[in-house]
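See below for the structure under consideration.
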Amino acid sequence: MTRTLIHWTVEDYHRMIASGLLAGRQVELIDGQILEMPPELPIHRATYRRGVKYLEQLLENQAVIFSAAPITLPNYSEPQPDICVAVPPESRYNERHPEPEDIYWLIEVSNSILAYDLDEKAKLYAKGGIQDYWVLDIVNTQLWVHRNAQNGEYQSIVRVSTGVLTPLALPSIVVEVARLLG
């Protein structure tokens, strides 16, 4: 990943996108820096697409599921998590991206940048107030569950490879780990 030396705001970033300056580039705004993300491998895309379909079926109208779409965080960041489970209705996001108070939980699918997703991305999301953050580790066939963000860190981090999970914000939902892992 390449980092810029200038601290960009979300508004600056949106202007760059609108002008076409970042067209054709896979980038995210992280803590005011524009990071170029590695190319997406087919297994990465297939895994998050299966996850999106499963969650849409499971959650029906209880949530909006975004895939590889931006969210806006208060710390000059606009990452694009692989899956964002957000408060409905979808029309709520006609003029803006989901923000922390709109987000039930986030999922990143990781096969080549696991350390980044477990460290920097976890800190970013914890600092942004995301209470439930999951990382699908494709290589090791496991799911890392980060919960209860306080002071920019998750208080609970567990690894699972089987069983079921209940999202913090939707306690009546039971998510099968195996279905997410594919």
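Annotations
- Rel. contact order, % - alpha carbon contacts under 8 angstrom, at least six apart, region 14-162: 15
- Axis of helix 10-19 versus longest Cα principal axis of the chain: the two differ by about 70°, to the nearest ten degrees.
- 3J(HN,Hα) from dihedral phi, region 146-163, Karplus parametrisation 6.51/-1.76/1.60, rounded to Hz, x for glycine, proline: 9, 9, 6, 5, 9, 6, x, 9, 7, 7, 10, 9, 10, 10, 9, 10, 9, x
- The amide H of GLN26, built 1.01 Å from its N in the peptide plane, has MET37 as neighbours under 5 Å, considering only residues 5 or more places off or on other chains.
- With θ taken as phi - 60° and the Karplus curve 6.51 cos²θ - 1.76 cosθ + 1.60 applied, the whole-hertz 3J(HN,Hα) list for region 167-182 is x, 4, 7, 10, x, 8, 9, 10, 9, 7, 4, 4, 5, 6, 6, x Hz, x standing for glycine and proline.
- Multiplying the residue separation of ASN148 and GLU60 by 0.36 nm and subtracting their alpha-carbon distance yields 29.1 nm.
- Rounded to two decimals, the Cα radius of gyration of the chain over 2.2 N^0.38 Å is 0.99.
- Rounded to the nearest 20 debye, dipole of region 21-136 from Cβ charges on Lys, Arg, Asp, Glu: 260
- Gap separating the Cα centres of region 92-121 and region 15-74, nearest whole Å: 8
- Computed from phi, the 3J(HN,Hα) profile of region 31-47 under the Karplus parametrisation 6.51, -1.76, 1.60 (θ = phi - 60°) reads 6, x, 10, 8, 9, 8, 8, x, x, 8, 7, x, 5, 4, 4, 4, 5 Hz, with x in place of Gly and Pro.
- Amide H contacts of TRP105: VAL85, each under 5 Å away and 5 or more positions distant or on a separate chain (H built 1.01 Å from N in the peptide plane; Pro and chain starts excluded).
- Positive-end extreme of charge dipole, the chain - chosen from TRP8, GLY32, VAL135 (charges on Cβ): VAL135
None of the figures in this text is laboratory data; all of them are computed from the coordinates on show. Computed from a predicted structure; not experimentally measured. All Cβ positions, glycine included, derive from the backbone under ideal geometry; neighbour counts span all protein chains shown.
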